[in-house]
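The values are calculated or read from the model by the stated rules, or taken from the named source; none is laboratory data. In this text the structure is predicted, and so the values were computed from the model without any measurement. Positions of Cβ are backbone-derived with ideal geometry, glycine not excepted, and every protein chain shown enters the neighbour counts. Just the protein is used for accessible areas: all its heavy atoms, side chains included, with ligands, DNA and RNA removed. Shrake-Rupley method; radii C 1.70, N 1.55, O 1.52, S 1.80 Å.
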Amino acid sequence: GGWRLLTHCNTGTLVSGGGGTALAVVRAAHRAGLLERLWVDETRPLWQGARLTAWEAGREGMPYAVLADAAAGSLFAAGRVDAVLVGADRIAADGAVANKVGTYPLVVLARHHGVPFVVVAPVSTVDPATPSGAGIVIE
């Protein structure tokens, strides 16, 4: 089999241009024949995953399924997630990451189940003027 990867929100070309962020990594795995399944979190309340990531994945011919945000736990428990790949809205100087609502529960699930959790973000996302995650302004 291949890798079963989970994403949250939209991290493709539509969000950052070029190949995107986390979805660029998924795309590379797909093109290398390593992607068994992409789990696309719907990402409430605006459905960026269900609307944008699913569209980009489908356009690339990736094997994907849209996942209700609250359903990720059952996939982890069944051993059906090999890694979580997300983008970031902001990264503080200390490495703290702020991302869309629903990202934190994925971090907890990944850690509990021993699944790698990877933030894929451009250097422009790092804010050296914000010393720690507590200082990140939530939009």
- Item | Between helix 103-113 and the chain: long-axis angle, C-alpha atoms, 0 to 90°, nearest 10 | 60 degrees
- Query: Cα atoms only, the range 3-135: Rg and Dmax in Å?
  - Reply: 14.1, 41
- Message: Tell me the per residue accessible area of the range 3-135 using a 1.4 Å probe; a whole number in Å² is fine.
- Response: 49 Å²
- Hey, with R₀ at 41 Å, roughly what FRET efficiency would residue 59 and residue 113 work out to, going by the Cβ-Cβ distance, to 0.05? 0.85
- Query: Nearest 10 degrees, 0 to 90: what angle lies between the long axis of helix 22-31 and the longest principal axis of the chain (Cα atoms)?
  - Reply: 30 degrees
- Query: What percent antiparallel are the DSSP beta bridges of the chain, to the nearest 5?
  - Reply: 10 percent
- Excluding ligands, DNA and RNA, the carbon-plus-sulfur percentage of the accessible area of the chain with a 1.4 Å probe reads 59 percent
- Length added when fully stretched, residue 138-residue 31, from 0.36 nm per residue minus Cα-Cα: 35.0 nm
- Note on the structure: Measuring from its Cα centre, the range 3-135 shows a charge dipole (+1 at each Lys and Arg Cβ, -1 at each Asp and Glu Cβ) which, in debye to the nearest 20, is 220 debye
